[in-house]
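Peer 1: I'd like to ask you about the structure that follows.
The values are calculated or read from the model by the stated rules, or taken from the named source; none is laboratory data. Remember, it's a predicted structure, so these values are computed and weren't measured experimentally. As a convention, Cβ positions derive from the backbone with ideal geometry for all residues, glycine included, and neighbour counts pool all protein chains shown.
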Amino acid sequence: MPADDHAVYLSFDDGPIPEATPFILDVLDRFDAKAIFFMVGDNVRKYPEIYEEVVRRGHLVGNHTYHHLGSFKHWTLTYAVDVTEANALLHTKYFRPPHGWLRHTVYWWIKRNYRVVMWDVVTRDYSKWLTAEDVVNNVKRYARNGSIITFHDSLKSIDKLRTALPESLQWLREQATPSRRLNKWTDGETSKRVDKPIVIQTRATVCFHAIGTNMQANRLQPQRIQKG
Ligand SMILES: [Zn+2]
């Protein structure tokens, strides 16, 4: 994402689960922010009503495999079948590999069928070594204009996110002035602006477009694609 894109993009991996996802949806609503949820197919099978709710509230969903498979541990065909099974529930063109890794052979198959969306800010909200405050500090330290930030709607992260998510969103919002936000959404004029503050992405449709742009801009962290 170019640095003159005055938005950050929120993503949540590994859900949906009742212990975390509804809380996150309420926080996002409070901040009028939209996100993309990379869901595990098996969780969608268990909690289809939460999947429906995510979509109903205007967020995007992405495929995160059916069983949260690590590409390095599985054959290409096994992996492809798992992704396809997940998509029978998810109906999405976005894909994010669990653990951020894809075998070369899987990568080519995925790329033909999906848009691969990586990230540049990992909050590490899942880590038992970090506090909620550490998670917020990761956002403050690493978020830039155009960043794709990754949180998790998982059991490991939710205790931290109860405070870290609203604090992070509050901080991100404070980086933007209302007039700049207005500019961004009314005339779409962003290209001449540099080093301006961050705005939280608030429209799913823009998020679509922006994620696509991001991929072409090659901010994909290609070193995370495993060869062979
Ligand atoms: Zn994951």
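Peer 1: Could you please tell me which pairs satisfy a Cβ distance under 8 Å, a separation of 6+ or placement on different chains, a first residue in the range 60-71 that is without any contact (Cβ under 8 Å) to a residue 40 or more places away in the chain, and a second residue that is more than 11 Å from the ligand (Cβ to nearest atom) and of a type in the set (Gly, Ala, Ser)?
Peer 2: Here the result reads 65/41; 65/86; 66/41; 66/86; 67/41, each pair linking the range 60-71 to a residue that is more than 11 Å from the ligand (Cβ to nearest atom) and of a type in the set (Gly, Ala, Ser).
Peer 1: While we're looking at this one, here's another question. Where in the range 84-176 are there helices (runs of 4 or more DSSP H), lying wholly inside it, with at least 2 residues that are more than 18 Å from residue 24 (Cβ to Cβ)?
Peer 2: 104-113, 132-142
Peer 1: Anything in the range 8-32 that is among the aliphatic types (A, V, I, L, M) and either at pLDDT 95 or above or closer than 21 Å to residue 95 by Cα (or both)? List them, or say none.
Peer 2: Correct list: 8, 10, 17, 20, 24, 25, 27.
Peer 1: Among the residues of the range 5-18, write down those that are out of contact with any Lys or Arg (no Cβ under 6 Å at 6 or more places or on another chain) and away from the ligand (no atom under 16 Å from the Cβ).
Peer 2: 5, 7, 8, 9, 18
Peer 1: Residues 144, 124, 96: which one is crowded, with 17+ Cβ neighbours inside 10 Å and in contact (Cβ under 8 Å) with a residue 12 or more places away in the chain?
Peer 2: Matching residue, one of 144, 124, 96: 96.
This table checks each residue for (1) over 21 Å from residue 168 (Cβ atoms); (2) touching a Lys or Arg at 6+ places or on another chain (Cβ under 9 Å); (3) buried (at least 21 other Cβ atoms within 10 Å of the Cβ).
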residue	(1), (2), (3)
20	no, no, yes
23	no, yes, no
31	no, yes, no
35	no, no, yes
43	yes, no, yes
47	yes, no, no
55	yes, no, no
62	no, yes, yes
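Peer 1: To continue, here is another question. Does residue 77 qualify as being outside any helix (DSSP H, G or I), surrounded by fewer than 23 Cβ atoms within 10 Å (Cβ to Cβ) and more than 16 Å from the chain's Cα centre (by Cα)?
Peer 2: no
Peer 1: What is the number of the single condition among (1) over 30 Å from residue 105 (Cα atoms); (2) in a helix (DSSP H, G or I) that residue 43 does not meet?
Peer 2: Here residue 43 clears every test but (1).
Peer 1: Mind checking which residues of the range 11-40 are under 23 Å from residue 118 (Cβ atoms) and in a helix (DSSP H, G or I)?
Peer 2: 21, 24, 28
Peer 1: Test residue 100 against the stated conditions and say whether it is on the phi > 0 side of the Ramachandran plot, within 16 Å of the chain's Cα centre (by Cα) and within 16 Å of the ligand (Cβ to nearest atom).
Peer 2: yes
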